[in-house]
Structures are given as structure tokens and as C-alpha cells.
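Structure record follows, encoded as C-alpha cells.
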Amino acid sequence: MKRRSFLIAMGLGMMAMRCMGQQNPRGLVIPSTAQVRDVFSPLMPEEVSIKGGFLGARIDANAVNRMLKVDEDDMLDAFERREAPHQDWQGEHVGKFLHAAMLTWNYGHSAELKAKVDRVVGRLLRTQEADGYLGTYKKAHRWTSWDVWVHKYDLLGLLTYYQFTRLANHDRPTPLGSEALTTCRKIGNLLIATFGIEPGKRDINKSGEHMGMAPDSVLEPIVLLYRSTNDRRYLDFAQYIVSNYDAASGPAILASLENKRSVRAVANAKAYEMTSNFNGLLELYRSTGEKRLLRLMEVAWNDIVKNRLYITGSASSGELFQDDYHLPNLANANICETCVTVTWEQMNLQLLRLTGDARYADELEKSIYNHLLAAQKPTGDDWAYYTPLEGRKPYDSATTCCHSSGPRGVALIPCIAYMTSADGGLVVNLYNDAVATTRLKSGSVTVKQTTRYPLGGDVTLTVSPERNGQRFPLRLRIPPYTTYRVLLNGMPTPSNSSGYAVLNRAWNRKDTVTLEMNLADRVVVGDHENEGKAALMHGPLVLALDSSENPGVGSLNRVGLGIKPMYLPSAGSRPDRIVFTLQGEVAGKGKTNLTLLPYAEAGADGKSRFKVWIPVSTPSIEAESLFAGCQWTASRRGNVMGDITDSDTGTFAVTFTGGKADEDWFAVNAGKPTTIDRVVFAHGQSFHDGGWFDTMGGKQKPQVQVQTEAGGAWKTVATLDAYPSTTATDAAGLKSGQQFHATFAPIAAFAVRVIGTPACGDNPAQNFASCAELQAFFESRRRQASCSFDRICAAVSQGAPSELSIRCQLAV
């Protein structure tokens, strides 16, 4: 019997082994500095070309509209003028830029971008002081707040510059690249001289924020510095950082995970700084082979995925890992900081490299296709700091940690899409039109990928080895949400379900492999805080209801999916965007066709509203404010003017102008007489210098007033009695979005307002108030309607015939 020309093999999840020859990433590390060999190794960006599709356009937009346009002076000012005021962490931006820009340059080889990076590196290196200091702090304030953190990003950025300039120069350092590495060594030497347990040295835990997690995260580049120099002192310093976790001043990262098995129990639960340490610990594991490090990082990963991960592949609320299953959706919860999305992406990339386990690639796909690209404005020029699952996309162009982190996440996509395996094979993790060319142990190979994924599930790969008969395994990731089959040159091929379908065979030029996946539309039933709701998915894409695509619906709060949501056959793409159509239900309209967009594209204009988790049952139309979507005004037009009639307590308006006022108010106007008997006021946000109403010193609690004639006098009908006893300087624990109700006798009102005395906080030269929502209802009508309905249903049960009883029977 002839031997088969291919083999379907299991994944390589157990193949991690000790090895003194690992070199990954190429051009940066010395092989002998690794004790653990990666199972999968990322291709260099220049070996991959991703064109069009869901990923290619975003990668190109990041390169052209972000990397080339980042303000060089803004990044370098804090280094060149240390005496000038600036963000405590402003120095991080240049290191993040260099990391993203060099990945981007290696991908596209833009001469313009390379010239920019060379200028930035040259200017940065000239600011290093004789002792090796390359921070942004005055000498008297060194090693406080975010100083070590800034040096971390100096190291990451400059080491990436050294890596890719060396690769481009035939694995020989360029003069500026050599200078960058020398600069990094000086930083490393200074850190070693400054921190430690020896007398006269500082405790690194006490030299930064978040119980030491911020300064301790210098661990990752310190290990990479060891790997690029083979200087044992840097590895010893990395091990000092980890052992010092357990000092009285430290975050006890490993001990907490070992004892509590929850990231919520680690230090103060700050997600970005914690995952930054996780990435350093995985890099340290690669260098030492200490299995405890990998085991506890898997504990952390499992806890995040099980208890703290959003359906869109990111985590954190208020920048913290919260309690189990506490995953709020609205903007006021400040969810899924983009920095967290990127470090989570990097953590999964590290674990995938080390283990070859497809579940990490699955999480990478989820995160990239959803939360990472949702935070990026499709044009690539702006980013959202936080990205809610309901509301609006808060894109802006400010210089923030997230605006510098996000481009790094996008620039890493080519390195995630294709990898090589320790057994000499090629691995395909992401599907998009692309070409990858690399050298395997058996020779070079080019693989061309053609697909409509994630719209359609068919992927065709044309394999072109250096020579006919070249043997190597080809691994194709099989997403967990699909059924599939593999065809080799058009013929069905046996497969497995280990996370990767693996074809190990002798390849000939123009061999084709077709992966046919069933990307059935799915309904994900919500639980915990999303109980009674559902989310819709297509392949890896989380979908969202977008107000701009459904102008006839009105408020998205009127939409329900019905017991059995039904996708309609028009799912596909328009010339301008990908769309999906669903039959749902709208209060007051019944069954209605709804248009949904991928979450990454919903709200792309920054103005339209969107929602991921949608109620299954159709909301009652009476449950919506009678003033929803109406015109609104405020006593003073402040510097934040979010909508206060959009049924979203995550958006708010303020009256801040820098000046003072005796009274401030927020008003909504229906333009016609509307009978109401209840008003709800939601607090916007408290700031250090105000944002609430002052109720002390003889001042009244905020009052509810109405106009009974168009443009008429304001009449007080109620007081917000439950509003706390605030003062001008103390918000008395007011929370963002906190609601206060007032009820009164029914009255026909054209307009409603809440009025009170604004607070000043710590700046008595000014004052202001804020409002998230101002809503009005007619509760008496709803109660009467409910009683009538109950009476009719009782009559139906007794067989009393009437037209209304027939309607009731249909409703029941």
C-alpha cells in the first residue's frame, strides 16, 4: 500500500522544550539567552502582505494616517525641556511610537517613515544624561511617579529600532542602531545601580504607581536587553524585580495568583500595568525555563477569559479588573481601556508562541476583529481611550497612553497572521487576502491566501515551495465556532479538531488547499448583567445595532430581538461597509427589519449610537422618556456637551466655562404640551473642580421646574429630595450616572428643567454642574393602561366577548 502524501497531525501544544538555539524575534536576541524554545515563531512583518479585506485597510490606515502624522515635537518635548510642565507619563509616547513605527516600517518599507524614525531616535538619544538617565523628570523628582515606566518604553522602542535596522542591514547593526543599543545598556546600568536590596539602593516598588506594578513592568525590556547583549547582570536584575514583588511594599503578583487564582486579587487590580508585568514574566520564562512563571500566567489567562473578558475580546472597567462577571456596557463605566486591549493581545501572542495552543490564537482573533479595531477610527488617524459596548465611539486626537498603544496593536497583526513552527512548518492564524513568503528548514515558501473571510468562510491557499517535493507541515487554525472541511487540490482531506488542521506532506508548486468553514450567524444569550439580552455574531464578528443604519427605529432602546431572532438572507457587504440584516421588533411598530454592523465599524462617525447587547423582549414604548431625543439646552454651554436626552447615562453635559454663576440648569423641550408626573435627573460626572450641585449653606436641593406654555415662566413642581447633602467642595459620594427621581401631580408641560447652585470643588474662582440624563414620564397613564389590560385579560378568561378582548388574546 502506498504511503499517503500527507498527514493530518495534532497541534504542537506540548512541544515547548529547553533549547539553547532559539532566536526570536530575529535580529534582536542572542540564541544562547533562551532556555525555552518557542513552538511558534512570528514571521517578520516584511514577510507578510495583507491587502484589503477586514484587516488590510486598517493596517494601511494606521501606517499612513497615524504613524506618518504623529507629532515629533510633542513626543520629544518632555525630554528636551525637562523643566517645562508636562504629563508625568509623557515620556512613554516616544517609546510606543518607535515600537509601532518600526513594525510598520518593516512591513511597508516607507522611506518617509524611516526618515521620521531616524530623526526621532537621533533627537531622543541626544537627551540622555551622562549617568544614563533618559527620563523626563527634573533631577530632584527622579524615580517618582512614572519615571521608571518612561524608561521601560524607551527601552522597548529603542530595542525595536536596533532589531529592525540590524535586520535591514544584513544582520549587522547600523551606526545609529548601535548607538541605540548602547543607550539601552546605559539605561539598564543606571537601573541596576539605582534599585535593589543592597544598602543605599531604592526599592523599585516604591518608585512608581499602582503598588509597584508600573515600575516593575520594566521587567519585559530588561529581559530583552539581556537577550540582546548576553549580559547576565540584566537577567539578575529581572529576577530581583520578580522576587521583590513579595516585599511588603510590592504587588505580590505571583503569590496572589497562586493563593487566590484571580487577577482581581492582585495588588489594586489595575489591568494595564498588571498585564504589562505578565508579558515581562512570560519573557522571563523564555529565558529561564522556570515553569512556575508559565503556570501562573495560564492561571491569570484562565481567570480573565472565564470571569472578566468582554464578548469583544478586551477587559477592564474603570481601568481595573472588576468582580466576577461585572461587565458594564455603557460609556460611564470607562470600559476596555485600549492599553489593556493591546497588552492582552501581546499576552496571547506570548502564550501562543510558547505553547502553540490554538485557544490563544482564537482570543487574538476575537480581540483584533472586535475591540482593537473598534477603538481605532477606520480612517486610522484617531483612537478611543475607552470603547463602550453601547453608546457612541469617543474618538479624539489627544496625546494619551491609548492613542500611543493602539497603533502598536495594529502593527502587530502581520506577525500574528503567519508564524513558523518548531518542526519546520508554516502556521496560518488569521484569514484575509494576503501573501506570505518565508524561509523554512526545508527551503523558502510562498503562500497566497484568497478569501472573503469573515463574510464568507472559504479560504484558498496556493502553496509555492522553493522546489517540488519540499516537505513541511502547514497548519490552518480552525475557529472554535465553526464546522469545516479541508480540500487538497480539490479533493477532500481527512482532518481533526485540535485547533489546527495540519497537512504534513511533500509540496509541489501551485498546490492548493481550500478550507471551507461554516460561518453560521449566531445568537449569544446574555447572562449576569446582560440577562434578558442577546448579542449577535457572524464568524468572529460581534455585531451591533447602529442608529445611522436604522433611521426609522428612533431610539435604540425601543428595539427587541424577539424570542427567535431571524437573520435575513441579505447579509453581505455594500460598497461602503459590511452590513447584516435581522428581523427584530420595535416598540410601537412590531416586526421590523434591522441593519447591524460589525462592532468594529459601528458608530464609526463618532456620532451615531450603537448597541451590542439587545433585549430579547421588546421594550414597552411607555418605558422611554417622553422627552427622549428632544431639544435640550443648558444655562451655560460648557466644554463637554454630550446628549442628555439619549437614554445613555454614559454621555453628559457640563456648564464649565471657567467662570462663576449663581445658578445652573439643564432643560429639555418637547415643543408641545406633554403630560408628565415624574422626572428623572442623572448626575453627569464629578471633577476635582466641580460638576455637581451645591446644596449646603442655606441652598436648596435641585428643583424640578416646568413651562406650561411655550416660552412661558418656569414653575417649580418638585425637589430632588434624595440628592445628597453636598457642599461647594464635597460631592458627597455622587457617582457618575446616579439617578434621582421626583414625582408630582400630572401636568401638561412644554419643557422641563432641573436647576440648582453649581459647585466649585478645589477652584473657588469658578463653578459648574453636570447632567447625564433629564427624562420625564407619565406614570399615571401607564398604571391606568396596565389596570385596563389586567381587567380585559380577566374578562377574556371568563369568556366575555369584545373587540378589546380579541386584542388581548392576541397579545397573550
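Okay, here's what the table says:
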{"item": "Residue satisfying condition, being open to solvent by 80 Å² or more (accessible area, probe 1.4 Å) and assigned to a strand (DSSP E or B), within set 743, 716", "result": "743"}
{"item": "Failed item, numbered, when residue 61 is tested on (1) open to solvent by less than 20 Å² (accessible area, probe 1.4 Å); (2) of a type in the set (A, V, I, L, M, F, W, C); (3) touching a helix residue (DSSP H, G or I) at 6+ places or on another chain (Cβ under 7 Å)", "result": "(3)"}
{"item": "Condition met for residue 706 (surrounded by 23 or more Cβ atoms within 10 Å (Cβ to Cβ) and under 16 Å from residue 627 (Cα atoms))", "result": "yes"}
{"item": "Test: residue 265 is free of Cβ contacts under 8 Å to residues at least 60 places away in the same chain and open to solvent by 20 Å² or more (accessible area, probe 1.4 Å)", "result": "yes"}
{"item": "Of all residues making up the stretch 301-316, the number that are open to solvent by 20 Å² or more (accessible area, probe 1.4 Å) and closer than 30 Å to residue 236 by Cβ", "result": "0"}
{"item": "Close pairs from the stretch 114-139: first touching a residue at least 24 places away in the same chain (Cβ under 8 Å), partner of a type in the set (Asp, Glu) and exposed (fewer than 12 other Cβ atoms within 10 Å of the Cβ), Cβ under 8 Å, at least 6 apart", "result": "138/83"}
{"item": "Matching option when the condition is assigned to a helix (DSSP H, G or I), free of Cβ contacts under 8 Å to residues at least 24 places away in the same chain, open to solvent by 20 Å² or more (accessible area, probe 1.4 Å) and among the hydrophobic types (A, V, I, L, M, F, W, C), among 255, 248", "result": "255"}
{"item": "Given (1) in contact (Cβ under 8 Å) with a residue 24 or more places away in the chain; (2) open to solvent by 40 Å² or more (accessible area, probe 1.4 Å), index of the condition residue 734 fails", "result": "(2)"}
{"item": "Within the stretch 172-226, tally of residues that are open to solvent by less than 30 Å² (accessible area, probe 1.4 Å), within 18 Å of residue 276 (Cα to Cα) and either in a loop (DSSP other than H, G, I, E, B) or without any contact (Cβ under 8 Å) to a residue 12 or more places away in the chain (or both)", "result": "4"}
{"item": "Count of the stretch 136-166 residues which are assigned to a helix (DSSP H, G or I), surrounded by fewer than 19 Cβ atoms within 10 Å (Cβ to Cβ) and either among the small types (Gly, Ala, Ser) or in contact with a strand residue (DSSP E or B) (Cβ under 9 Å, 6 or more places away or on another chain) (or both)", "result": "1"}
{"item": "Those residues of the stretch 451-483 which are under 25 Å from residue 509 (Cα atoms) and aromatic (Phe, Trp, Tyr), in sequence order", "result": "453, 472"}
{"item": "Out of 298, 283, 273, 319, sole residue that is closer than 29 Å to residue 240 by Cβ, out of contact with any strand residue (DSSP E or B) (no Cβ under 7 Å at 6 or more places or on another chain), open to solvent by 10 Å² or more (accessible area, probe 1.4 Å) and not basic (Lys, Arg)", "result": "298"}
{"item": "Residue list for the stretch 506-525, filter: of a type outside the set (Val, Ile, Thr) and either at pLDDT below 95 or open to solvent by 20 Å² or more (accessible area, probe 1.4 Å) (or both)", "result": "506, 508, 509, 510, 516, 518, 519, 520, 521, 522"}
{"item": "Some residue of the stretch 478-497 being under 20 Å from residue 45 (Cα atoms) and open to solvent by less than 10 Å² (accessible area, probe 1.4 Å)", "result": "no"}
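The values are calculated or read from the model by the stated rules, or taken from the named source; none is laboratory data. What you are looking at is a predicted structure, and each value in this text was computed from that prediction instead of being measured. A quick note on method: Cβ atoms are made from the backbone with ideal geometry, for glycine too, and the neighbour counts reach across all protein chains shown. Side chains are part of the model used for accessible areas, which takes the heavy atoms of the whole protein and leaves out ligands, DNA and RNA. Shrake-Rupley method; radii C 1.70, N 1.55, O 1.52, S 1.80 Å.
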